[in-house]
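Each reported figure results from applying straightforward, stated rules to the coordinates on display, with no laboratory input. None of the values given here were measured: they were computed from a predicted structure. Glycine gets a Cβ as well: all are built from the backbone with ideal geometry, and neighbour counts include every protein chain shown.
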Amino acid sequence: MGAWHAELAWLGPGRGLAERVLVEVEGERIAAVTEGVDPPAGATRLAGLTIPGLANAHSHAFHRALRGRTQRARGDFWSWREQMYRLAAVLDPDRYLELAAATYAEMALAGVTAVGEFHYLHHDPAGRPYADPNRMGEALIEAAGRAGVRLTLIDTCYLRAGLDGQGLAGAQVRFGDGDADAWAERAGALADRPGVRVAAGVHSVRAVDPEAMATVAAWAAGRGAPLHLHLSEQRAENEACLAATGRTPAALAESAGVLGPRTTAVHATHLTGEDVARLGATGTGVCLCPTTERDLADGVGPARALADAGSPLCLGSDSHAVVDLFEEARAVELDERLATERRGHHQPADLLAAATAAGMDALGWDAGRLAPGRLADLVTVGLTSVRLAGTGPADAVDQLVFAATAADVTSVVVGGRQVVQDGHHLLAGDVGAALGRAIAALGVTP
Ligand SMILES: [Zn+2]
């Protein structure tokens, strides 16, 4: 039995803030939560504000190597994608492992206890399977273990270059399994294990035809696994989809049986009113990635309308232009202010719920709330930095959402095990140095 004593704690959606909270842990789960008590002997004191673990629901770990190398360029999503493909072409399992381990360790330092890796770099650069066809996925699993974070490996089906049916070419050939049955067979060989869940991904309606989407959806349903897909990040995708099928991407995905409460649509930026209703009515979650969407000039999605329609919102750092879930959370509100010239679309506690409980739900983890029976993932933010000094119990959640940064995270506990203490990663050592080595080893300037 471990015991953690939080000076202040936000217990989760609808539960609010409490002072002097004792969290008792048995194994990897919370056994008891007691408010308003002094720390018993042996309890580890957590100064500041403790919240449930943050969930980074959409990640492409290798994009971390693009940070600062693509931001200055002119162009749009499509020209950025060419730079991203040049990087994808040089990754092998060993380099991928080192880069992902360091990237996940950066996430741990930022308070992320579970990451959803949207994984489609399956095969070698010529498109040939490795001796173990899941060698790249296994590299990600090992990387998450080194970093001490939970991983939902969203094994993603990627079959064609576009809605015109053209085959994969160039850097894309390593993404493809040939057809959805071959994808299902390869992904089916990956087993859940402690700290790892295997989920399904449809790259997009561009990359997966409706029949294949249905195969992936059935595979996910059969395993009770989450299902994620990129949806309407770009207007060009909508236009191509309408031209080829007469339907929007959301309507096409619905017709293939892809939408539903275990499904998360990533981005959902350019939607019609009918698309919003469609996602909401099916209980499909939406993962917003605002720092990436702003970096790639994607646009601002209808977050308020989606939440009103019934879609749970969660968050991802996606391309890792920054890794900071507090920045993602406030951006949902602040970007919508810019788009609407109005303030106050989302309550701070709702944004924190998106960063925690909703993200954990989207990734298939029984975490995100400080309550008995839940996984014991605890993140503590110090309140004495220049950014947060002056914070009191009455405004702690507001300050956290609108002013905290990843650098304010002092302690991270994953499944009852402390991974970050006093801002230092206990398993990965010097994470900055590890990132530097992993990125230098790629030998490319995208
Ligand atoms: Zn993505």
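Observations, loosely collected:
- Here the chain carries DSSP beta bridges of which approximately 45% are antiparallel, counting only pairs with both residues inside.
- Within segment 366-408: backbone nitrogen closer than 18 Å to the R343 label point (7 Å, Cα to C-beta): 395-404
- Rounded if a/c under 1.5, otherwise prolate or oblate - the chain, Cα gyration tensor axes: prolate
- Gyration tensor verdict on segment 74-160 (Cα atoms; rounded if a/c is under 1.5, prolate if a/b is larger than b/c, oblate otherwise): oblate
- Per-selection Rg to Rh, segment 144-186 - Cα, Kirkwood hydrodynamic radius: 1.13
- Global geometry of segment 64-211, whether rounded, prolate or oblate, following the gyration tensor of its Cα atoms and the 1.5 cut on a/c: oblate
- In terms of packing, defined here as the mean over residues of other Cβ atoms within 10 angstrom, the peptides 316-328, 268-280 line up highest first as 316-328, 268-280.
- Under 5 Å between amide hydrogens, built in the peptide plane, is the criterion, and for V266 it picks out L229, H230, L231, C287 among residues at least 5 positions away or on other chains.
- Helix 325-340 and the long axis of the chain differ in direction by around 70°, with both axes built from C-alpha atoms.
- Degrees, to the nearest 10: 431-440 long Cα axis against longest axis of the chain: 20
- Estimated purely from DSSP H runs of n ≥ 4, each contributing -39500 (n - 2.57), the mean residue ellipticity at 222 nm for the chain is -10000 deg cm²/dmol once divided by its residues.
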